[in-house]
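The values are calculated or read from the model by the stated rules, or taken from the named source; none is laboratory data. All values reported here derive from a predicted model rather than from experimental measurement. Every residue, glycine as well, gets a Cβ built from its backbone with ideal geometry; the counts of neighbours run over all protein chains shown.
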Amino acid sequence: MWKLTVFVTALAFSLPAAAWHETGHRATAYIAYERMDAGMRHEVATVLAAHPRYAQDFGAAMPAGIAAGDASARGRWLLAQASVWPDMARDFPQADRERYDRGTWHYVNEIVWLRDEDREALDGSLPHNLAREPDGPPAPGMNSVQALRANLVVWHDPASSDGDRAVALCWILHITGDMHQPLHNTALFSRSLFSSGDRGGNLVIVERGRNDSNLHAVWDGLVNEHDDLEPDADTAHAIATDIVDDGAIDRWVDSHANLAKLVVYNGELVAQLVAAEQSGQAARVTLSGDYLERARRVGQRQVILAGHRIAQLLDPH
């Protein structure tokens with residue numbers, strides 16, 4: 001059995017207490033790295049060295065202990081850094097932000113309805129991009145499904161430059177991780193509370209004492225550096241029988257959108273939101289201990305699956 005703390009200690013790298021966009025993404029990369037053979041580990045390290053922003057975002061950021069360590073430690077760290085690089089792009093200087101930051105690549109808004117009446121009122125009028133296939137190379141405006149497929153084409157194309165493959169690798173790592181967080185696949189709609197969607201749970205306020213949060217942030221924070229990420233029997237079976245091919249991407253989105261309906265927007269949550277809507281109140285909810293415990297188990301399973309699937313996407317042989 002292993003825990004994320006094993007990697008943190010071994011790499012002498014400090015991670016925040018909990019945030020899927022940081023800790024969870026790095027965890028998926030660590031898991032993927034462990035599943036790669038020596039040839040693929042060497043390939044990803046070589047490709048990342050050609051990243052157009054390698055010097056400032058990788059070389060300068062690498063802890064001295066990692067830089068002075070063995071090739072395996074450096075490769076593991078590089079892959080983890082690559083997994084969070086798309087989030088780093090939001091803070092780049094303007095020219096590079098425009099070149100590399102792609103906000104719509106982080107999600108797709110599969111529709112969840114608060115009530116049947118909302119479906120009847122809004123269905124067919126929502127302008128969201130729900131396309132599953134890219135219409136060309138990676139481009140602004142694509143959703144996560146399109147962008148993942150487009151970047152996989154770049155990664156596997158022998159004619160692609162190492163620099164282009166490095167950027168594509170970062171996005172493959174990140175989008176696959178995002179795709180396994182259910183709220184990156186869905187948006188909740190209702191006529192009065194969320195006529196344009198709840199932005200993947202960002203507009204649902206979660207009461208947590210003095211420090212209110214939102215539903216998306218709660219789910220982003222389900223994995224922390226102390227979690228045991230050894231797969232349980234059910235997850236191990238899912239990995240052993242998993243088929244990772246191009247069609248799998250559609251299956252993941254469908255499965256995770258359904259997971260959002262069953263687990264994220266469960267009866268407990270929906271009842272509170274319907275009550276808020278009927279009383280004209282803001283979308284504020286409280287989450288029970290049972291809800292949070294189930295969410296934590298789901299989050300851990302999703303991170304493990306994402307790591308396994310990243311390795312398979314990069315090297316399907």
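Those residues that are on the phi < 0 side of the Ramachandran plot and assigned to a loop (DSSP other than H, G, I, E, B), I need them from segment 204-222; list them, please. Show your work before the answer.
Our first condition is that a residue be on the phi < 0 side of the Ramachandran plot; within segment 204-222, this holds for 204-208, 210-222.
If the condition is that a residue be on the phi < 0 side of the Ramachandran plot and assigned to a loop (DSSP other than H, G, I, E, B), then Val204, Glu207, Arg208, Arg210, Asn211, Asp212, Gly221, Leu222 are the ones that fit.
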Being under 17 Å from Leu169 (Cα atoms), in a helix (DSSP H, G or I), in contact with a Lys or Arg (Cβ under 8 Å, 6 or more places away or on another chain) and of a type in the set (A, V, I, L, M, F, W, C) is the filter here, so list the residues in segment 33-68 that pass it.
-> Ala45, Val47
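Select from segment 209-227 the residues that are in contact with a helix residue (DSSP H, G or I) (Cβ under 9 Å, 6 or more places away or on another chain) and either modelled with pLDDT of 95 or more or surrounded by 13 or more Cβ atoms within 10 Å (Cβ to Cβ) (or both) and list them in ascending order.
We begin by selecting, within segment 209-227, every residue in contact with a helix residue (DSSP H, G or I) (Cβ under 9 Å, 6 or more places away or on another chain); these are 215-216, 218-227.
Leu215, His216, Val218, Trp219, Asp220, Gly221, Leu222, Val223, Asn224, Glu225, Asp227, listed by residue number.
Here's a check for you: in segment 111-159, which residue that is within 30 Å of Ala283 (Cα to Cα) and polar (S, T, N, Q) is farthest from the chain's Cα centre (by Cα)?
Within segment 111-159, the first condition is being within 30 Å of Ala283 (Cα to Cα), and the residues that meet it are 111-131, 141-145.
Still in the running and polar (S, T, N, Q): 125, 129, 143-144.
Details: Ser125: 28, Asn129: 18, Asn143: 13, Ser144: 10 Å.
Filtering segment 111-159 for residues that are within 30 Å of Ala283 (Cα to Cα) and polar (S, T, N, Q), the one farthest from the chain's Cα centre (by Cα) comes out as Ser125.
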If only one of Leu229, Leu148 is of a type in the set (A, V, I, L, M) and in contact with a Ser or Thr (Cβ under 8 Å, 6 or more places away or on another chain), which one is it?
-> Leu148
Determine the pairs where a residue that is at positive phi, located within segment 123-145, has a partner that is assigned to a loop (DSSP other than H, G, I, E, B) with Cβ atoms under 9 Å apart, the partner being 6 or more residues away or on another chain.
-> Gly141/Arg102; Gly141/Asn129
Matching entry among Asp118, Asp162 (being under 21 Å from Val204 (Cβ atoms) and in contact (Cβ under 8 Å) with a residue 12 or more places away in the chain) = Asp118
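Quick check, is Leu130 under 22 Å from Ser255 (Cα atoms) and assigned to a loop (DSSP other than H, G, I, E, B)? Outline the logic, then answer.
On the way: under 22 Å from Ser255 (Cα atoms): yes; assigned to a loop (DSSP other than H, G, I, E, B): yes.
In short, yes.
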Checking Gly289 against (1) of a type outside the set (Asp, Glu); (2) under 28 Å from Asp116 (Cβ atoms); (3) surrounded by fewer than 19 Cβ atoms within 10 Å (Cβ to Cβ), which test does it fail?
-> (2)
Are there any pairs with C-beta distances below 7 angstrom linking a residue in segment 249-265 that is on the phi < 0 side of the Ramachandran plot to a residue that is of a type in the set (Ser, Thr, Tyr), with the two at least 6 apart or on different chains, and if so which?
-> Ala257/Thr186; Ala260/Thr186
Search result, residues across segment 259-292 that are assigned to a helix (DSSP H, G or I), touching a helix residue (DSSP H, G or I) at 6+ places or on another chain (Cβ under 8 Å) and closer than 14 Å to Leu203 by Cβ = Val264, Leu269
Given the conditions (1) over 26 Å from Ile111 (Cβ atoms); (2) in a helix (DSSP H, G or I), which single one is not true for Val253?
-> (1)
Test: Ser72 is surrounded by 20 or more Cβ atoms within 10 Å (Cβ to Cβ), among the hydroxyl-bearing types (Ser, Thr, Tyr) and at negative phi | no
Among the numbered conditions (1) crowded, with 18+ Cβ neighbours inside 10 Å; (2) in a helix (DSSP H, G or I); (3) not polar (S, T, N, Q), tell me where His237 comes up short.
-> (1)
